[in-house]
Amino acid sequence: MQDEDALYDYDIALNLLKKNPPENRLDISLSFSQYLKLEEDWSNIKSATGISEDQRYPYLSYNSLIHIATVVTVPRDLHEVAASELRREIMNSIEAYLSIHKPDAVGTIVDSGSVKEKIPYGAYAQSSKQSDGVFKYHSIDFGLSIMVAIEVGSSETYAALCHDKDMWLDGHHVKVCILVCFNESPRFETPLIEKMILVANKSMRSRYGPISYRNHNWLGTLKEGFIEVWRVNSSVRYPLIESGKKYDTLPTNIGLRIRDFYPNEAWNAADIPDGEIPINGTMFMKHIRTAIIATAVGRFSDFISQ
């Protein structure tokens with residue numbers, strides 16, 4: 001990359017951080033020293049404008065293996081509901097399982113939500129990543145460990161999600177990384193104001209899209225949706241949506257087991273029978289349908305408030 005190209009990308013990234021327009025992900029090639037400068041510039045802007053360091057979005061992360069800096073801006077309901085509802089399904093099942101098989105272990109596994117973490121191992125050792133959810137194990141005897149990570153993609157590409165997955169598995173040594181992916185087609189584009197003034201009202205259509213109003217699609221059809229569960233040497237995909245329609249058989253589990261949430265030494269000492277951690281795929285998709293409509297409404301509301 002030419003120096004002027006790197007400077008151009010740097011300026012785009014900083015501008016995206018400052019403006020925080022919804023549903024954007026930008027991946028740019030930067031050296032680690034350039035990334036540190038971008039991080040410092042963004043920190044100075046936050047300090048000068050009163051933006052809290054605890055604000056989740058926009059966020060900046062770095063993949064030191066492939067030298068890519070990533071800016072992620074505030075997401076819509078589809079992304080946030082997919083992450084929160086899957087975490088809720090998993091956490092409820094973990095606590096129900098432990099309450100039967102090991103009541104005094106309830107509380108050792110926690111849903112830590114969306115957090116930014118330093119990636120400690122190998123070629124990823126200078127990386128940082130904000131997840132869409134992590135499950136941590138904590139005890140006095142065995143310390144604190146991230147065991148399972150969740151990454152949701154409704155605006156980024158599948159390839160970008162896989163880079164994130166590799167950071168968690170190879171760079172943080174989590175046991176499982178869960179990818180949740182929805183492919184919207186055609187992708188949403190903000191309409192021209194002139195076009196919107198000229199067209200007649202048109203009612204919304206819902207379920208898995210498209211959702212239209214005033215002759216513009218505020219959400220394209222969700223052509224595909226799936227949950228993919230990755231371990232170091234394997235992956236399994238669980239379909240949710242195919243060709244714009246709900247998959248005939250939604251998952252009742254995604255292969256998670258209670259031992260996935262324990263470090264090996266802690267598990268060997270736990271004296272807990274291993275067992276499956278179920279999820280309710282039907283309930284999950286009911287929440288997704290609601291989030292689809294909320295995403296379309298949010299896009300329209302942002303447009304008319306411009």
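Here are a few things to note about the model shown:
- List F300, F182, ordered by accessible area with a 1.4 Å probe, largest first: F300, F182
- Unit Cα scatterers, Debye sum, the chain: log10 I(q)/I(0) for q = 0.16 Å⁻¹: -1.35
- For region 210-306, alpha-carbon Rg relative to the globular expectation (2.2 N^0.38 Å, N residues): 1.53
- For the peptides 17-27, 65-75, the ranking by packing is 65-75, 17-27, with the highest mean count of neighbouring Cβ atoms within 10 Å listed first.
- Taking 28 Å as the limit for the C-alpha separation, the pairs K19/K246; K37/K175; K136/K245; K19/K136; K37/K118; K102/K175 exceed it in the case of K19/K246; K37/K175; K136/K245; K19/K136.
- Radius, Kirkwood style, for region 1-89 when every pair of distinct Cα atoms is counted (Å): 14.1 Å
- Rounded to the nearest Hz, the phi-derived 3J(HN,Hα) couplings of region 247-264 under the Karplus curve 6.51 cos²θ - 1.76 cosθ + 1.60 (θ = phi - 60°) are 5, 4, 10, 7, x, 9, 7, 10, x, 6, 10, 4, 5, 4, 9, 10, x, 4, where x marks glycine and proline.
- Using a probe of 1.4 Å on the protein chains alone, the accessible area found for E276 is around 100 Å².
The values are calculated or read from the model by the stated rules, or taken from the named source; none is laboratory data. Predicted, not measured: the structure shown is a model, and the values here were computed from it. A quick note on method: Cβ atoms are made from the backbone with ideal geometry, for glycine too, and the neighbour counts reach across all protein chains shown. Areas reflect the complete protein model, heavy atoms only, side chains present, ligands, DNA and RNA absent. Shrake-Rupley method; radii C 1.70, N 1.55, O 1.52, S 1.80 Å.
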